[in-house]
Structures are given as C-alpha cells and as structure tokens.
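Everything on this sheet refers to the single structure shown next.
No value in this document is a laboratory result; all are computed from the given coordinates. This structure is a prediction, so every number in the text was calculated from the model and none was measured. Neighbour counts are summed over all protein chains in view; Cβ atoms, including those assigned to glycine, are modelled from backbone coordinates with ideal geometry.
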Amino acid sequence: SETPAVRKRVDLYQGDMRSFDLGKTYPLVVIPFRAFQHLIDVKDQRACLECCRDHLTRQGRLVINLFDPNLRILAANLEVNATAVRKVGEVDVGDGERVVAYSTRTSCPEEQRFEEEWIYERFAADGRSLWRQARKFSLRWFGRYEMEHLFELCGLEVEKLEGGFKGQPYQHGGEQIWTVKKA
C-alpha cells in the first residue's frame, strides 16, 4: 500500500469508460490492462477516447495499453477447434487444494475480435471438484495504423508508441503502449 501522500495524488474511478464526466481535467489518464480492447464497436471506442480527451488538461497525456495482433497466433487459432478446452494454469492454494484454469477461444477475423471463456475449478486434496466458475468476454484487436487513425478521428495526436512497459521499441506481435495528447 502506498503512503497517504501518494494516495492523495491519485483518483480511481469505476464506471463506464464510454460515458463519464468527472467534473475536472487531469494531466494523466490511463487505460491499463488492455481494457480498451473490450470495446468492440467503433462507436464505443470513439466515445471512450473523446471522454478521455475531454478530461485531459491542455498538456495532459492519455496512455493506453493494447496487445499487438500476432498474425501467426491469429492464423493458428483459426485452425484450432473452437470448442477445444485447454488448460492454461494451475495454482496450489494450500492444504492440498488447487485451482485449475481452462479456456476456450472462438475467433472472428472479419470483426477483428475473439471470444474467450475462462473456466476456474477448485479441487480438494482428494480430487473432488469444490466449485467451478466460468467467465466469458470478447476482445477486439487493433493494428497500429488503425489506432493512429482512431486517435486522429477523436482529436488526439500520437506522441509515442512503445512496444513494452520499459520503453522497448514497438514490434509486431508484442505490446502497444500508446501515449497521446490533445491535437
């Protein structure tokens, strides 16, 4: 946990990123964890970017993290049976119990999106299933130039595009870390 002085400088809000009015502007607005990619429709994407722009100070910056679509992985996913369930992780939670994560993916290249279902199951030490939860979500992928055009359409100017959280150069199939400002 951060000190009270640090916490006082940060505002965290939970709400709809397509439609918000916080009543003030900020020098930095961040959309982390690829959250923007949950906006499937262009109308929603534009609404979000325009709200963010309206909440930036004159010299403010908007930082957005996206994954860059890796064409080899996307092509391979088209070949995979959409109903195939794959194990993606397992965690020992103590006392011999464990949680196993599985996922399935259906790709829709015409819409640049995929739908995933993540299934979490907790097992007792003797192997019995204690509970099972499933979560579905859709993600849209964006190419570099598509994002540049979307920013321009929304009155934003690209300051830089980086390929990682430590300032690495952008490269295909990695991260897209965008820093943009008001145009």
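Annotations
- Annotation: extensible slack from Ala183 through Val93 equals 27.5 nm (criterion: 0.36 nm per residue apart, minus Cα-Cα distance).
- Around the Cα centre of the chain, unit charges on the Cβ atoms of Lys, Arg, Asp and Glu (plus for the first two, minus for the last two) sum to a dipole of about 440 debye.
- Least to most buried among Ser129, Ser107 (fewest other Cβ within 10 Å first): Ser129, Ser107
- Tail fraction, Cα-Cα pairs, the range 71-140, threshold 21 Å, whole percent: 36
- A dipole drawn for the chain from +1 and -1 charges on Cβ atoms has a positive end, and of Thr57, Cys154, Val91 the residue lying farthest that way is Thr57.
- Label corresponding to Cα extents along the principal axes in Å when calculated from the structure given, among (1) 47, 38, 33; (2) 60, 46, 31; (3) 52, 33, 26: (2)
- The label-point distance for Ala101 and Gln168, in a model that sets each label 7 Å from Cα toward Cβ, rounds to 2.0 nm.
- Longest exposed-site-free window of the chain, the sites being trypsin sites (Lys or Arg not before Pro) in a DSSP loop that have at most 11 other C-beta atoms within 10 Å: 25-127
- With the helix formula -39500 (n - 2.57) applied to DSSP H stretches of n ≥ 4, the chain reaches a computed 222 nm mean residue ellipticity of -6000 deg cm²/dmol.
- Here the label points at Glu146 and Glu121, each 7 Å from Cα along the C-beta direction, are separated by 3.4 nm in the simple model.
- Less than 5 angstrom separates the built amide H of Gln176 from those of Leu66, Phe67, Asp68, all sequence-distant by 5 or more or on a different chain.
- A simple spin-label model places pseudo-atoms 7 Å from Cα toward Cβ; at Arg135 and Glu2 they are separated by 2.3 nm.
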